[in-house]
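Asker: Sending over a structure as structure tokens; questions will come in a sec.
Just so it is clear, none of the values below were taken in a lab; they were calculated from the coordinates. All values derive from a computational prediction rather than experimental measurement. FYI the Cβ positions are ideal-geometry reconstructions off the backbone, even for glycines, and counts take in every protein chain you see.
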Amino acid sequence: MIGYWEGVNTFLAPGVYRPQEDTSLLAAALSDEPLPPDASVLDVGTGSGALALEAARRGTRVTAVDVSRRAVWTARINARLSRLPVRIRRGDLFEPVRGQRFDLILANPPYVPAPNGGLPPRGRARAWDAGRDGRLLVDRICREAPGLLRPGGVLLMVHSALSDPERTVARLREAGLKAAVTRRSRIPFGPVLSARADWLRERGLLGPAEESEELVVVRAELPV
């Protein structure tokens, strides 16, 4: 299937996360970063490769990683269609790039709180389910990303306000980075959150009449 995102034709295999509002919000944050043409960029959890391709269009050296075979296949096809050099690897989060350092890390991890938080997500749900607090991978990124940044390097991560951005900022600061929420956007509930709205209200994460979700971008920089 060929999809359309930000004016670019892209291939999307069944079960691969479709670029949505969170992708656009992170792409806008990426556009604000003053990257030199030879900067080294990592897109972790690349999905269709949309963000990796945005970075590659700026002449940067891009590595993209995803745990899903279908996502890796999709991202490789999109890189070929776009005629952009992106190095794409399959693996669990940062495992394929251990020992490397990057000027910029992009992360759009799963972040939706899930009622079956004690069980690992399966199938398509791996693209959004993230434990009962929505931080199954967010916390791992907070722990592991600082060790992959060069001095002056930046992490840009998007996730929902339902998964506690203040905690994200605090953990990144504890790791020695300068961190803050730099972008916010409120969007209507999609199918997943609509189906979980009552459960989220029971947990006190949503108000009685709340029918929209706030997305945030957290920017964290490793001091020089």
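Asker: Mind jotting down the distance between the C-alpha centroids of the stretch 37-109 and the stretch 137-156, whole Å?
Answerer: Spelled out, the Cα-based centre of one part sits 15 Å from the other.
Asker: Any chance you could get the radius of gyration and Dmax over the Cα atoms of the stretch 2-221, in Å?
Answerer: Spelled out, the Cα radius of gyration and Dmax of the stretch 2-221 are 16.5, 49 Å.
Asker: Compare ASN116, ASN78, ASN108 in a GNM of the chain, Cα atoms joined below 10 Å, and give the one with the largest fluctuation.
Answerer: ASN116
Asker: Could I ask something else about it? Hey, can you grab everything whose amide H is under 5 Å from the amide H of ARG183? Only 5+ residues off in sequence or another chain; H modelled, so Pro and N-termini drop out.
Answerer: So ARG183 has HN proximity to VAL217.
Asker: Would you mind putting 131-138, 194-201 in packing order, based on average other-beta-carbon counts within 10 Å, highest first?
Answerer: Values: 131-138: 21.1, 194-201: 14.1.
The most tightly packed comes first, giving 131-138, 194-201.
Asker: Let me ask something else. Only loop residues by DSSP count here, and only those with at most 13 other Cβ atoms within 10 Å; note down the trypsin sites (Lys or Arg not before Pro) in the stretch 23-73 that meet that.
Answerer: Details: sites: ARG57, ARG58, ARG61, ARG69, ARG70; in loops: ARG57, ARG58.
Filter output for the stretch 23-73: ARG57.
Asker: Taking amide H atoms as placed 1.01 Å from N in the peptide plane, list the residues 5 or more away in sequence, or in a different chain, whose amide H sits under 5 Å from that of ILE88.
Answerer: The answer is ALA64.
Asker: Explain nothing, just the number: dipole magnitude of the stretch 2-221 about its Cα centre with +1 on each Lys and Arg Cβ and -1 on each Asp and Glu Cβ, in debye rounded to the nearest 20.
Answerer: On the way: 33 positive and 26 negative charges, 169 e Å.
Once rounded to the nearest 20, the dipole reads 820 debye.
Asker: Count the DSSP beta bridges whose two residues both fall in the chain, then state the antiparallel fraction as a percent rounded to the nearest 5. Let's see the in-between values first.
Answerer: Numbers: 21 of 41 bridges.
Of the beta bridges lying entirely in the chain, close to 50 percent run antiparallel.
Asker: Also: Label the stretch 40-84 by shape, choosing from rounded, prolate and oblate, from the square roots a ≥ b ≥ c of the eigenvalues of the Cα gyration tensor; if a/c is under 1.5 it is rounded, and otherwise prolate applies when a/b is larger than b/c, oblate when it is not. Kindly include the intermediate steps, with their values, before the conclusion.
Answerer: Details: a/c = 2.47, a/b = 1.32, b/c = 1.87.
It comes out oblate by the Cα gyration axes.
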